[in-house]
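Written out below as structure tokens is the structure these notes cover.
Throughout, read-outs are computed from the coordinates displayed, never taken from laboratory work. Since the model is a prediction, treat every value here as computed from it, not as a measurement. Reconstructed Cβ throughout: ideal geometry from the backbone, glycine too, with neighbour counts over all protein chains shown.
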Amino acid sequence: MTSLPQLGSSIDALQPPRKGFFAALAPGGGRILFALVVIGVAFLFAFPVLWVLLTSLRPASGVFYVHRGTEFTLHNFVEVLQQESVYNAFINSFAISTFATLLSLGVTVTSGYMLSRFRGPAPSVWFAIIYVLRCVPYISWVLPLFFVTRQLGIFDTYWGLLLPHVAVHVCFFSWIMKGFFDGIDPSMEYAALIDGCTRWGAFFRVAMPAAVPGLTALAILCWLYTWNEFLFALLLTSHKTPILTVVMAQFVHELGMEWHLMSATAILALIPALIVTIFGQKYVIRGLRV
Amino acid sequence: MTLSAIDLDHPPKRRLFGERQRFMLLLIAPAAAALAFFQILPIMTGANASFRDWSLHDPQMTWVGFKHYVYVLTDAGFVWTVMPNTIFFMVISVACSLVFGLALALLLNRNFPGRAVVQTILLLPLMVAPVVAAIMIRWMFNDQFGIVNVVLELVGLPGQPWLAQRWTAFSVILFADIWLWTPWFALLLLAGLQSLPREPFEAAAIDGASHWRVFRYLTVPMLRPVMVVCIVIRAIDAFRTFDIVWTISQGGPARSTELFSIYAYIEAFQAMNFARGSAAAMIGAAVIVVLAMIIFRVLNRWAEVSK
């Protein structure tokens, strides 16, 4: 964390006089150009979101000429919050994201540990299965998944969406977790085994705590992913379990072109994600350093 | 070590699995169960369907062998439009997101006032639901009301019917995809950059190496392993992209921007031929599995050469 600014400044201190294009980006040389580049890039990245925000503040009559109007209103937010489906969708999405994150991490941490710590045919086969399944396109299993969840009687319930989400994450997360455990020296676990710890004890008490930064990073990414996921939610839920992304899409697909309401809901949906990101980004960057 | 002592007292019963194997199995059991029920079982259902005559008015579901596969593989649209589109989309999307993501990671790795705010703004695409972003981008490129045409006309350029022409529609889709995924690359590469050792950079600074040479001969080679993982993961995901394309163009105009997952979806649900859609999905899956192995091999060699 703190090593980087130090690294930058120590290099800067040692630098001979700069020349060329990169010199222009450096502090001292062309600060203004640098600032302009940064502001331009940030603006480009923020623009679609700014546009959603602007649309959400316009009355229904103004959404076709968002750039021209001067009337602004907060009425869209009030209207959206009064709809029961939106309110339920918020609760459902929050519950699904949180539980899917906990379940996926719980399931994959052991699988990644196995991939990292053992050699031989079993881990190789497991890795091959994961790698191949990771490649299979969603489209070829989401459609039959609909029938499968029906058969199991969990269609349109929390479980019917949670468990497929866990299945999605198994492949990718196991792979990433393997990386985390590869970066942790196993000698502590051997020491624990010699001292009479069971294999499970060594895993839970020694390896897991060392992997917590990585787990935190994955938890944040997983939560954001599930919060924003659309395809599964669309196909595997119905009226009983409305999900936020589906409700938002319905504003402009089924109920006519209610851009203002969709935008207002999208801004409300962005708030939890923004909070998670603002507080979580340093843990993500720290945790993903392998 | 302690095990041998225990084994002397209690001669081991012959078991199918040793203690180590049982531990390994238990570790992967929950993950394997989730995969078996919610991925392998549906894939098998789809694979089974692709060999049958699975239409709504034929409850018999007669076995027809490779009929649907032959149909898809001899469909000129699939071979000459859908597959080239998919490969083209994958290459451009991954290449651009990688380059931009690396640039952003290098930017965020510097220390400047307001860095935290800029970083949060650059991560915005990760926080917005892709479907909402895609709806909004489609709206921005609307030929009558979209802000893009308004700005173009303001500057004096003619507005484009963006989504009514093949290559402009494809560019809009690519723009949306690159916008969505650049922050993801930036985040992973930034984490990679911050875990690099300091010493080589200090040595280079003392030797007076230029920024370009530091980047070319130090940063890129040392980041290669992270880049390989990013590229492989993203290439697979880009190959099977569905929701952005579906929201922005629905494969149109005239099925010219279809990727293979859109093709499979249209065959399955709009042409009401679930079997043919499944066959198309299976072909796509086979292609990406082979491609992913080649990519992994090639990139792995490239990454190891640097060591």
> Of A:Ser238, B:Ser256, how do they rank once you tally other Cβ atoms within 10 Å and put the fewest first?
Replying inline: A:Ser238, B:Ser256
> Using the Karplus equation 6.51 cos²θ - 1.76 cosθ + 1.60 (θ = phi - 60°), what ³J(HN,Hα) coupling, rounded to whole Hz, does each residue of the range A:168-178 give in order, writing x for Gly and Pro?
Replying inline: 4, 7, 3, 5, 4, 5, 4, 5, 5, 4, 4
> Going highest first, how would you order A:259-269, A:170-180 by mean Cβ packing within 10 Å?
Replying inline: A:259-269, A:170-180
> Under the classification rounded if a/c is under 1.5, otherwise prolate if a/b is larger than b/c and oblate if not, where does the range A:84-288 fall, given a ≥ b ≥ c as square roots of the Cα gyration tensor eigenvalues?
Replying inline: prolate
> Taking θ as phi - 60°, what are the ³J(HN,Hα) couplings along the range A:263-272 by the Karplus curve (6.51, -1.76, 1.60), each to the nearest whole Hz, with x for Gly and Pro?
Replying inline: 5, 4, 5, 4, 5, 4, 5, 6, 4, x
> How many nm is it between the label spots at A:Ile32 and B:Asn300, if each spot is 7 Å from the Cα in line with the beta carbon?
Replying inline: 5.3 nm
> Where a ≥ b ≥ c are the square roots of the eigenvalues of the C-alpha gyration tensor, would you call the protein assembly as shown rounded, which needs a/c under 1.5, or, failing that, prolate if a/b is larger than b/c, or oblate?
Replying inline: oblate
>> Give me, ordered by chain and number, the residues 5 or more places off B:Thr257 or on other chains with an amide H under 5 Å from its own placed amide H.
In response: B:Gly252
>> Per DSSP helix of 4 or more residues, -39500 (n - 2.57); summed, then divided by the residues of chain B. What does that give at 222 nm, rounded to the nearest 500?
In response: -21500 deg cm²/dmol
> For the range A:240-249, what does the Karplus curve 6.51 cos²θ - 1.76 cosθ + 1.60, with θ = phi - 60°, yield as ³J(HN,Hα) per residue in whole Hz, taken in order and with x for Gly and Pro?
Replying inline: 5, 10, x, 10, 4, 4, 5, 4, 5, 5
>> Among the complete DSSP H segments of chain B, which ones combine at least 18 Å of alpha-carbon extent along their axis with a mean Kyte-Doolittle hydropathy of -1.0 or more?
In response: B:19-35, B:83-108, B:166-194, B:220-239, B:274-305
> What is the magnitude of the charge dipole of the range A:25-150 about its Cα centre, with +1 placed on the Cβ of each Lys and Arg, -1 on the Cβ of each Asp and Glu, and no other charges, expressed in debye to the nearest 20?
Replying inline: 540 debye
>> Counting only other chains, and only Cβ atoms inside 10 Å, what mean value do you get across the residues of B:116-124?
In response: 6
> Over all residues in B:139-148, what is the mean tally of Cβ atoms on other chains that come within 10 Å of each residue's Cβ?
Replying inline: 3
> So who's got an amide H within less than 5 Å of the one on B:Arg52, skipping anything under 5 residues away but keeping other chains? H placed 1.01 Å off N, in plane.
Replying inline: B:Val64
> Which value in deg cm²/dmol, rounded to the nearest 500, describes the helix-derived mean residue ellipticity at 222 nm for chain A, given -39,500 (n - 2.57) per DSSP H run of n ≥ 4 and division by the residue count?
Replying inline: -24000 deg cm²/dmol
> For chain B, what does the alpha-carbon gyration tensor say about shape, rounded, prolate or oblate, given a ≥ b ≥ c as the root eigenvalues, a/c under 1.5 as rounded, and a/b over b/c as prolate?
Replying inline: oblate
>> When the expected Rg is taken as 2.2 N^0.38 Å, what fraction or multiple of it is the alpha-carbon Rg of the range A:218-271?
In response: 1.19
>> Please compute the average number of Cβ atoms from other chains found within 10 Å of each residue's Cβ in peptide A:166-177.
In response: 4
> Ordered by packing density, taken as the mean number of other Cβ atoms within 10 Å over each peptide's residues, highest first, how do A:151-163, B:207-219, A:90-102 rank?
Replying inline: A:90-102, A:151-163, B:207-219
> Counting GluC sites (Glu not before Pro) as exposed when in a DSSP loop with at most 14 other beta carbons within 10 Å, what is the longest stretch of chain A free of them?
Replying inline: A:72-253
> Can you tell which of B:Ala235, B:Ser50, B:Asn300 lies farthest toward the positive end of the dipole of the protein assembly as shown, using +1 and -1 charges on the Cβ of basic and acidic side chains (Lys, Arg; Asp, Glu)?
Replying inline: B:Asn300
>> What's the magnitude of the charge dipole for the protein assembly as shown around its Cα centre, counting Lys and Arg as +1 and Asp and Glu as -1 at the beta-carbon? Answer in Debye, nearest 20.
In response: 1360 debye
